[in-house]
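> There's a structure below that I have some questions on.
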Amino acid sequence: MAGDRNDRKKKIEQEYVYALEAMMGDAVDHEREEKAKALQEAEEQSAKKLKAKSRVIRAVTLAALAAVIVISFGVWRWYDKQSEELGIQLQKEMEDKIAAETAPPKDWFSLSYAERNQYIAQGMVLFPEIFGTDRNKYDRYARWLLSEHKIFNRSPRGDLTSGGRGYLIVKDVKYDDLPRIFLTLDEHSKEFIRAFSQIDQQTLKKHWGSGAPENPKDRLRKWIQLYKPQAESTLDGRALDIEGMIEEYAEKYGLN
């Protein structure tokens, strides 16, 4: 009897253990299910937030891209317009250059009186040999008119030395029987003095064949060095204050 009771007790205890274990397993499974459910909800919530954020980023990106396209289109239209205008300008400049290069030279006597005086004065500055005695002393002057200014002067000598001899008064002293070239210089003295400020330095260097100062007064002194031996050969012993006459011009017309 006692043995049967013990067996039943053990059996009940065993069943209690099994029931307890089953309850614990159910609790664990429930906890796992709750955790899995919470995790799934968190993941779904995170996915929703990420999706919403992605929509915002996408909207911002599309707006930025649209702005870039609009700006780029505007810039392109501006650039295209500028390019077109530049192309038209370059074409016109090229056409003008071709027309100028292919146009026949102007005749010297088609120029105005003032234009001829200006070229004569500049010629005397650039080509001091005009005051000398060389038989070819007008050649460089005539070539300069033709090549650089498209002007054809069939007789440059006529404007410079025709008309016979005459006199000049320099610093209250009268000098008679002077070759015409000195009278021509006196007649064009105003344009002559201004030319030392108007002609650029590179042009002076090119035609003088030596250095040319920047300052107009220094240019005039340099010119006198080139001019004086030429003038003396033409004067051939005749009296003339060569430097004095040039100094008077510079003082009269205010060479700076």
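Taken together, the values in this text are just the output of simple stated rules run on the coordinates, not laboratory data. What you see is a predicted model; the values in this text were computed from it and never measured. Virtual Cβ from ideal backbone geometry, glycine too; neighbours counted across all protein chains shown.
> For the stretch 199-248, what class follows from the C-alpha gyration tensor (a ≥ b ≥ c being the square roots of its eigenvalues): rounded when a/c is under 1.5, otherwise prolate if a/b is larger than b/c, else oblate?
Working: a/c = 3.76, a/b = 1.81, b/c = 2.07.
Taking the square roots of the gyration eigenvalues as a ≥ b ≥ c, the stretch 199-248 is oblate.
> While we're on this one: Near the amide H of G166, under 5 Å away, which other amide H atoms are found, from residues 5 or more places off or on another chain, if H is placed in the peptide plane?
Here the answer is D177, L178, since their amide H atoms fall under 5 Å of that of G166.
> Which trypsin sites (Lys or Arg not before Pro) does the stretch 180-226 hold that lie in a coil by DSSP with at most 12 other beta carbons within 10 Å? If you can, show how the numbers build up before the last one.
Values: sites: R180, K190, R194, K205, K206, K217, R219, R221, K222; in loops: none.
Of the trypsin sites (Lys or Arg not before Pro), not one in the loops of the stretch 180-226 has a Cβ with at most 12 other Cβ atoms within 10 Å.
> Related question: Report relative contact order for the stretch 106-253 in percent, whole number only (criteria: Cα-Cα under 8 Å, sequence separation at least 6).
Details: 155 pairs, mean separation 43.9, N = 148.
Result for the stretch 106-253 is 30 percent.
> Same structure again: Based on the alpha carbon coordinates of the stretch 140-179, what radius of gyration and maximum Cα-Cα distance (Dmax) apply, in Å?
My reading of the Cα-based Rg and Dmax gives 15.1, 41 Å.
> Right, another one. What residues qualify as long-range amide H neighbours of K106, i.e. H under 5 Å apart, gap of 5 or more or another chain, H built at 1.01 Å from N?
Under 5 Å from the amide H of K106: I151, F152.
> Could you give the dipole magnitude of the stretch 125-185 about its Cα centre, charging the beta-carbon of Lys and Arg +1 and that of Asp and Glu -1, in debye to the nearest 20? Numbers along the way, then the final one.
Details: 11 positive and 8 negative charges, 39 e Å.
Charge dipole of the stretch 125-185: 180 debye, to the nearest 20.
> Grab every C-alpha pair in the stretch 106-253, bin the distances at 5 angstrom width from 0 up to the longest one, and report whole percents.
Each 5 Å bin holds this share of Cα pairs: 2, 9, 19, 24, 22, 15, 8, 1, 0.
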